[in-house]
Each structure stands twice: as C-alpha cells, then as structure tokens.
Amino acid sequence: MFDKILVFCVEPGSKREIAGHLGYKDLGSVTRYYIKPLLESGRLRMAIPAKPRSRNQRYIKA
C-alpha cells in the first residue's frame, strides 16, 4: 500500500486524493496508518512544511 501512495505522489496530492486513490473514505485512518509513517520515514514530504495543518496541504514523494 505504501508503494501505491509513493507512485501516486510523484505529483503533489491531498489527503482526500490519496484516500480516493486507495479506495478509502476515512481520512483519519489514511493519515494514521499510511501518511504519517511515510512522513516519519522521510519517504513522503509536505508541500507546505511551514503549515502542516493547512487545508491546502499536499504530499509529494521525497
């Protein structure tokens, strides 16, 4: 599943777009189980790191 996210995030994508790509509706689960671990490992990065809670936040492959 992590690899699917990384392939999708070659172009910046929002949490909602990532969840939709994976077939999930619950953004909390996608964030907790997929996005957060990828961010912590350095394999994914925020497009707007100064504003981590921005509604315009996008994620891109590091």
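Just so it is clear, none of the values below were taken in a lab; they were calculated from the coordinates. Because the structure is a prediction, the values reported are computed rather than measured. Using ideal geometry, Cβ is built from the backbone for each residue, glycine included, and neighbour counts are taken over all protein chains shown.
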**Complete:** Counted residues in region 11-55 being free of Cβ contacts under 8 Å to residues at least 12 places away in the same chain, assigned to a loop (DSSP other than H, G, I, E, B) and of a type outside the set (Asp, Glu) come to 11
**Request:** Evaluate region 34-53: report whether one residue or more is surrounded by 12 or more Cβ atoms within 10 Å (Cβ to Cβ) and among the polar types (S, T, N, Q).
**Result:** no
**Request:** Look through region 1-21, keep the residues that are within 11 Å of Arg58 (Cα to Cα) and among the acidic types (Asp, Glu), and return whichever of them is surrounded by the fewest Cβ atoms within 10 Å (Cβ to Cβ).
**Result:** Glu11
